[in-house]
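K.L.:
Sharing a structure here in structure tokens format.
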Amino acid sequence: QVQLVESGGGLVQAGGSLRLSCAASGSTGGIRPISWYLQAPGEQRAFVAWITADGTTNYADSVKGRFTISRDNGKNTAYLQMNSLKAEDTAVYYCRITDLYGRTYWGQGTQVTVSS
């Protein structure tokens, strides 16, 4: 069983920055890719960023150049550095991991609110 806990969300002004953290516990069968997703009110969850065990990354077009995903494998933690925040970035942000057996686990999310 895998557990994910997100933290670091909050209320910021447009143009500001936040750093989200996702701490993983339990066995995933090894170092696995980790993703960040967002869910805005009334919307489905949408992909934000992804990072592999060796540090390869991928980003949604809407956040390229503004957000950076990283990880610390020793701490079993992934991060999302969010810069130049916009009002449209307001959402609940979730981390996601899939274990060796193909099972997907989600955290409970952390709220990011950007005011103009």
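K.L.:
Could you report the chain's accessible area per residue, 1.4 Å probe, as an integer in Å²?
P.N.:
53
K.L.:
Please report the carbon-and-sulfur percent of the accessible area for the chain; probe 1.4 Å, protein heavy atoms only, DNA, RNA and ligands left out.
P.N.:
Carbon with sulfur: 46 percent of the solvent-accessible area.
K.L.:
Over the chain, what is the relative contact order in whole percent, taking alpha-carbon pairs under 8 Å and six or more residues apart?
P.N.:
37
K.L.:
Still on this model: Given a Förster distance of 25 Å, report the FRET efficiency between PHE47 and GLN81 from their Cβ-Cβ distance, rounded to the nearest 0.05.
P.N.:
0.90
The values are calculated or read from the model by the stated rules, or taken from the named source; none is laboratory data. Please read all numbers here as calculations on a predicted model, not as lab measurements. Cβ coordinates were reconstructed from backbone atoms using ideal geometry, including for glycine residues, and neighbour counts include every protein chain displayed. Each accessible area value is taken on the protein alone, full model and side chains, heavy atoms only, with ligands, DNA and RNA left out. Shrake-Rupley method; radii C 1.70, N 1.55, O 1.52, S 1.80 Å.
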